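The next block holds one structure in the form of structure tokens; read it before the comments.
Each reported figure results from applying straightforward, stated rules to the coordinates on display, with no laboratory input. All values reported here derive from a predicted model rather than from experimental measurement. Note that each Cβ is placed from the backbone with ideal geometry, even for glycine, and that neighbours are counted across all protein chains shown.
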Amino acid sequence: IPEGTKHRISRDDIVVGRILGEGFFGEVHNGVYKSPTGERICVAIKTCKDCSADVKEKFLSEASLMKNLDHPHIVRLIGVIEVDPVWIVMELYEHGELGNYLVEQQYILSTAMLIQYCVQICKALAYLEGLNMVHRDIAVRNVLVASANCVKLGDFGLSRYVDEQEYYKASVSRLPIKWMAPESINFRRFTTASDVWMFGVCVWEIFSLAQQPFFWLENGQVVNQLESGVRLPKPQLCPPTIYSLLSRCWAYEPHGRPGFSQLVCSLRYALQTQVGSSTD
Ligand code: ATP
């Protein structure tokens, strides 16, 4: 299959269903896609309501990044329809956003399962690190639940490739301040190390069952607090070993933070000790 056409699919092979939610560019629907082998795949279809050339390019840039990704804990791109109306077709994850799922399932989720989600997201980020990609928007709203024990990192709308030693200088104003590292807030500097900070905030959200980080502050107050040494407090459900990892992810200096591969190991170890020490 020639590069670049691999993900081109035909609208005739898609049956569109109900609306799942509202995305930044337009409605997201569920549906069924019949693949060339005749297999029927449940899909999520992202649409773009404003089809001007520059908006369309921004909309499709997420898909073009996703074309190169293949990981068990990253949302899978099925294909793209590049003729108007443009669509991005992804694998469907029935349980929706992790943030909502944590609230709905709070009484049945074990600590071990919460750690498992953290390990899976961390593995996805270690994979992106290996590709020199920064995600820039790691949060439970951007993680989808495929099944009770499998989550997928999604929403590559803000992702960029970065060269080694390089960083992406953001120009977007739609930035998730309460999740961001201080150097991202101050200088719009985004690196793997700032992704590590955000991952720490995402782990905090998981153990807080999707509370908003710093909900007690205004966006404008966050960076001052961080600079005076204030950090998110330990959520009740968060094991102390994991909270000490979070403190390291939130080192003020980017170089002081651990890498994703190291975090995968530490989280796995925390999972083993959790499973060994409790029955929940
Ligand atoms: P934003 O940038 O504002 O987050 P977006 O354009 O990235 O928006 P999404 O958040 O990805 O859009 O999608 C909108 C909604 O559609 C989400 O709330 C989610 O519930 C649903 N959705 C998106 N992709 C999938 C999928 N693959 N499986 C199931 N639901 C999905």
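Summary table below
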| item | result |
| --- | --- |
| FRET E, pair V275, L131, Förster distance 25 Å, beta-carbon r, rounded to 0.05 | 0.20 |
| Rounded to the nearest 20 debye, dipole of the chain from Cβ charges on Lys, Arg, Asp, Glu | 260 |
| Relative contact order %, the chain, counting alpha carbon pairs below 8 Å whose residues are six or more apart | 15 |
| Residues W250, W197 arranged by fewest to most Cβ contacts within 10 Å | W250, W197 |
| Radius 13 Å from Cβ of C48, net charge of other residues (Lys, Arg +1; Asp, Glu -1) | -4 |
| Reference-scaled alpha-carbon Rg (2.2 N^0.38 Å with N residues) for the chain | 1.02 |
| Helical segments meeting 27 Å axial Cα length and Kyte-Doolittle -0.5 threshold in the chain (DSSP H) | 111-130 |
| Net charge dipole size for segment 172-264 [Lys, Arg +1 and Asp, Glu -1 on Cβ; Debye, nearest 20] | 60 |
| Eligible aspartates and glutamates near K56 by straight Cα distance, threshold 16 Å, same-chain separation 8 or greater | E27, E82, D84 |
| Among G276, P72, Y243 the positive-end extreme of the charge dipole of the chain (Cβ point charges) | G276 |
| Aspartates and glutamates with Cα under 17 Å of K34, excluding same-chain neighbours fewer than 8 positions away | D12, D13, E91 |
| Label zone at R8 (point 7 Å along Cα-to-Cβ), backbone N below 12 Å, segment 67-87 | 80-83 |
| Order of H135, H29, H95 - criterion: other Cβ atoms within 10 Å of each residue's Cβ, fewest first | H95, H29, H135 |
| Most to least packed among 8-17, 73-82 [average Cβ atoms within 10 Å] | 73-82, 8-17 |
| Rounded FRET efficiency, nearest 0.05, which uses the C-beta distance separating A53 from E104 and R0 of 35 Å | 0.30 |
| In segment 191-278, the GluC sites (Glu not before Pro) that fall in loop regions by DSSP, at most 16 other Cβ within 10 Å | E218 |
| Separation of the N186 and S35 label points, Cα + 7 Å toward Cβ, nm | 4.8 |
| 12 Å beta-carbon shell around L92, net charge (K/R +1, D/E -1) | +3 |
| Inter-probe distance in nm under a simple model that places probes 7 Å from Cα toward Cβ, at V15 and Q211 | 4.5 |
| 15 Å reach of a label modelled at E27, 7 Å along Cα-to-Cβ, counting backbone N of segment 37-80 | 44-50 |
